[in-house]
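Right, one structure below, let's go through it.
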Amino acid sequence: MDGGGFASTIFLLGVMEEFEMENMFSFKDLEKVRIKATYNMKIGDREILEGETIALFDKIQISNFKEVSSKVSANGGFDNRARVFWNTTEKVQLNFTQGVFSKEQFSLMINARMIGPTNSSTVLITEQEELESNEEGKFELKYKPVKDLFVYNKETGSKISNYTINEKEITLNVPFTDVIVTYVYDYKNSNTEYLIGQNVLAGFVELEGRTRIKDDTTGQVVTGILKIPHLRLMSDLSIRLGAQATPVVGNFVAEGIPVGSRGNTYVSEFFILGDDIESDL
């Protein structure tokens, strides 16, 4: 490449090959992270084939990438000093956050099995309403109770047991009385269930992500490609809700595991391309 600071370069974690970069460079954002299937699988009602993209994360806010290595030395001689050193990469820890996410992305983020969307299962939900009986001592609930129906006098807090119910209509025989009603109803519309504690994947997946790299001398921008061929999802569910809480941010946590033959293992590959393949030009 004439006048440029980049040539096509590949980094194997712990090993650097064909390093032909002339100038200093920097990169900042991790973009378009694809999680790809390494075997045929099913997530929710979606059949996914080997090599197919399970989810694309393209609105990443913060990402972290950290190598975890073990260091061993052979000691001897005067003072039993360290003479020979071995540094072995055990894994790569990866996590990133995204403020908006799909159902499949959420399933991967919390590493929970997803069922649905489906209309075949129901969800039992507890509801509470504040109502006033009419001149006939009657009022109507929003939903039909299926169990755990309790009626309270709103003013005194006392439980009312003298009533009758027909579908959603309750009769107290006491007109113009303010009440609080709690009950459980059966939600039968389409829903998606996440089973936390049952992992969404039984094996490994593959990750491919992109970043943009800038030559600090020439200003040239090229694309960097990050690949982790053996990625294991880790459960790290933490959700903070409340009036003063910020909107929920999904946190994806995973570990890259070494692949390759003895003496030639690596965890991830990082390619620096000679061009900016993200450019519109």
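Among the residues of the stretch 45-60, write down those that are assigned to a loop (DSSP other than H, G, I, E, B) and more than 17 Å from Arg212 (Cβ to Cβ).
Applying the first criterion (assigned to a loop (DSSP other than H, G, I, E, B)) to the stretch 45-60 yields 45, 49-52, 58-59.
Of everything in the stretch 45-60, those that are assigned to a loop (DSSP other than H, G, I, E, B) and more than 17 Å from Arg212 (Cβ to Cβ) turn out to be Asp45, Leu49, Glu50, Gly51, Glu52.
If you go through the stretch 119-130 one residue at a time, do you hit one that is of a type in the set (A, V, I, L, M) and surrounded by 13 or more Cβ atoms within 10 Å (Cβ to Cβ)?
no
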When the stretch 36-46 is checked residue by residue, the ones that are modelled with pLDDT under 90 and loosely packed, with under 12 Cβ neighbours inside 10 Å are Lys42, Asp45
Within the stretch 158-171, is even one residue touching a helix residue (DSSP H, G or I) at 6+ places or on another chain (Cβ under 8 Å) and at pLDDT below 95? no
Those residues of the stretch 157-200 which are under 25 Å from Ser133 (Cα atoms) and β-branched (Val, Ile, Thr), in sequence order: Ile160, Thr164, Ile165, Ile170, Thr171, Val174, Thr177, Val179, Ile180, Val181, Thr182, Val184
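Yes/no matrix, rows are residues, columns are (1) at pLDDT 75 or above; (2) assigned to a strand (DSSP E or B); (3) surrounded by 14 or more Cβ atoms within 10 Å (Cβ to Cβ):
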residue	(1), (2), (3)
Ala202	yes, no, no
Glu208	yes, yes, yes
Thr211	yes, yes, yes
Ile228	yes, yes, yes
Gly274	yes, no, yes
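The values are calculated or read from the model by the stated rules, or taken from the named source; none is laboratory data. Given the structure is predicted, the values throughout are model-derived calculations rather than measurements. Note that each Cβ is placed from the backbone with ideal geometry, even for glycine, and that neighbours are counted across all protein chains shown.
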